[in-house]
Amino acid sequence: MYNADEQFEKLGLSLPLAPAPLGVYKPCLIDGKYLYLSGHGPVQDDKSLITGRIGRELTQEEGKLAARQVGLTMLSTIKQNLGSLNKVKRVIKVLGMVNCTPEFEKHPYIINGCSELFAAVWGEENGVGVRSAVGFGSLPDNIPVEIEAIFELY
């Protein structure tokens, strides 16, 4: 069986603490064999958020790194609630929301920061699902990226 926890360790990245909800919602919900993750932001190891609008305060590359940080935050929520990344069979769907200037048009490139991380953790076959990447005029606390996802569990 594929070992996602082992694959993550090989990446040499660290997981931030899983964020506690700041509103009336659950960070994750299991329904049968599916795990639904609420929208996550880019929480850093020191618990602070990456902030700024892509195309104004942040460059395209900084936005992509912020999306990877969102992915790390999502992995942290999975580990906290399931105990292991190995309980995830595959990524089903990712919805990436990009806080950007009106003329910015590279939303998919930004969300690749998260998608590439998931592919590295669960492999190309199971780590890549269907996806939408869209631009927004603002996001909570001026975060550059918010991502939600659905996973299939073993």
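The values are calculated or read from the model by the stated rules, or taken from the named source; none is laboratory data. All values derive from a computational prediction rather than experimental measurement. All Cβ positions, even for glycine, are placed from backbone atoms using ideal geometry, and neighbour counts span all protein chains on display. Protein only, heavy atoms only, side chains kept; ligands, DNA and RNA dropped before computing areas. Shrake-Rupley method; radii C 1.70, N 1.55, O 1.52, S 1.80 Å.
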Any residue on another chain or 5+ positions along whose placed amide H is under 5 Å from the amide H of ILE50 is listed here as GLN44
Would you grab the residues whose amide H sits under 5 Å from the one on CYS100? Only those 5+ places off in sequence or on another chain, please, with H modelled 1.01 Å from N. ILE54, PHE136
Karplus ³J(HN,Hα) for the stretch 17-25 (6.51 cos²θ - 1.76 cosθ + 1.60, θ = phi - 60°; Hz, whole; x = Gly/Pro) runs 5, 5, x, 7, x, 9, x, 9, 6
Of all C-alpha pairs within the stretch 54-101, those more than 15 angstrom apart amount in percent to 56 percent
In whole Å, what are the Cα extents of the stretch 26-95 along the three principal axes, biggest one first? 42, 25, 21
Beyond 15 Å, what share of the Cα-Cα pairs of the stretch 99-154 is found? Please give it as a whole percent. 53 percent
Distance between Cα centroids, the stretch 71-94 to the stretch 3-22: provide it in whole Å. 8 Å
Run the reach check for LYS26 against lysines, Cα to Cα strictly under 28 Å, same-chain hits fewer than 8 apart removed. What comes back? LYS47, LYS64, LYS79, LYS87, LYS89, LYS93
Here the FRET efficiency for MET1 versus VAL134, based on Cβ atoms and R0 = 41 Å and rounded to 0.05, is 0.75
Translational D (Stokes-Einstein, µm²/s) of the chain at 4 °C and 1.567 mPa s when Rh comes from the Kirkwood sum over C-alpha pairs? 85 µm²/s
Can you tell which of SER84, SER115, SER76 shows the greatest fluctuation in a Gaussian network model of the chain with Cα springs below 10 Å? SER84
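I'd like to check one number: the per residue accessible area of the chain, probe 1.4 Å, reported in Å² as a whole number.
51 Å²
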Normalised convex hull volume, the stretch 6-57, alpha-carbon set, Å³ per residue: 150 Å³
With a 1.4 Å probe and every protein chain kept in, tell me what percent of the accessible surface of the stretch 60-154 is carbon plus sulfur. 50 percent
Under the rule of at least 5 residues apart or a separate chain, name every residue whose amide H is placed under 5 Å from the amide H of ILE92. ILE150, PHE151, GLU152
